[in-house]
């Protein structure tokens, strides 16, 4: 009996180290990227108060009630904001989501946008401040996919929704059937992870690849082994209060929790695009704040992509909140970030 117990313990240890953790990627912690040098604008304080309100709205709640409160608050972020775009539901027979159309955009240019929210919250409505601006700077029709979320659905089902939405926008626009001339896959945070997983899936399945990909403060590695996951807990006003306490839990425990919660290993490329094959990918642009917990996730992804021969670039902003792009009416830095996205897409088309 004791030999059986010892063998079982050894098996668990081996699975934890070799399967759940995966390869040590510390060699990717190079930081030779361009950095912007300035003090955050006064609007940053207003953004921080908005974040505190979101935290207060669910502080006394637990379980499903807490999750529902978070979802309501995120959807409410678009209320009272000014938009230049029209928002159209996708309609019958189409993937669930909405089209976002800035005035005069070329509807044969299309962006698939995948919202963030830790895969448990968020929607096309909650991220309209991003898709509104993205349609404008990309001169494109943006399709914001309303993919299935945890815990009501399996993680893989949300990925499948994104795959189907991408294939659909290749041949359908906001006015009906019609082939796309130029396509972009984009997303933020958890949605940024889905976007990076998606471009690898497109390559592996021999589909028409996106012309470019954009990931805003993306999650790229659920093993949580990058240094900033811990070093930036106190400087990240959004993710720090929410996930900082998890960083005190031993990593092997977190890996097993992730395994059972998402039904796949945290080192799987489906959950951690950083740990997949990054060869032969389209040009990728990643934005991150130098104070957020996911900073090194972004650095590691771009370094590995470049080492693999894929064009990738990272631009960091000092002192910004996680996905500051959601506040273009409060932060000049958000407007600056969207202008940079527009410049990136112009360079992609010229190359």
Checklist line | Amide N of region 115-145 lying under 13 Å from the label point, which is placed 7 angstrom from the Cα of residue 50 along Cα→Cβ | finding: 126-133
Margin query: On C-alpha positions alone, give me the angle between the axis of helix 251-262 and the longest principal axis of the chain, in degrees, nearest 10.
Written below: 60
Note to self: Quick check: pseudo-label points 7 Å beyond the Cα along Cα→Cβ at residue 72 and residue 347, how many nm apart are they?
What the structure shows: 4.4
Margin query: Compute the orientation-averaged projected area for the chain from the convex hull of its Cα atoms and round it to one decimal in nm².
Written below: 18.9
Checklist line | Degrees, to the nearest 10: 155-171 long Cα axis against longest axis of the chain | finding: 30
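Among 216-222, 253-259, how do they line up by average Cβ neighbours within 10 Å per residue, starting with the highest?
Top to bottom by mean Cβ count within 10 Å: 216-222, 253-259.
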Margin query: What do you get for the angle between helix 190-204 and the principal long axis of the chain? Use alpha-carbon atoms, 0 to 90 degrees, nearest ten.
Written below: 90
Notebook entry, point to check: Just the projected area, averaged over all directions, of the convex hull on the alpha carbon atoms of region 86-164: how many nm²?
Noted result: 5.1
Notebook entry, point to check: Rg and Dmax of region 72-222, Cα atoms, in Å?
Noted result: 14.0, 43
Next item on the list: Just the Kirkwood number for region 255-342, please: inverse of mean 1/r across all distinct Cα pairs, in Å, one decimal.
Entry: 14.5
Note to self: Pairs of alpha-carbon atoms within less than 8 angstrom and 6+ residues apart define the contacts here; what relative contact order does region 28-350 have, in percent?
What the structure shows: 19
Check: What nm distance separates the two modelled labels at residue 81 and residue 62, each placed 7 Å from Cα along Cα→Cβ?
Finding: 3.3
Note to self: When 1/r is averaged over all different Cα pairs and the result inverted, which Kirkwood radius in Å belongs to region 14-137?
What the structure shows: 18.4
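The numbers here are math on the coordinates, done by the rules we state, and not lab data. Since the model is a prediction, treat every value here as computed from it, not as a measurement. Using ideal geometry, Cβ is built from the backbone for each residue, glycine included, and neighbour counts are taken over all protein chains shown.
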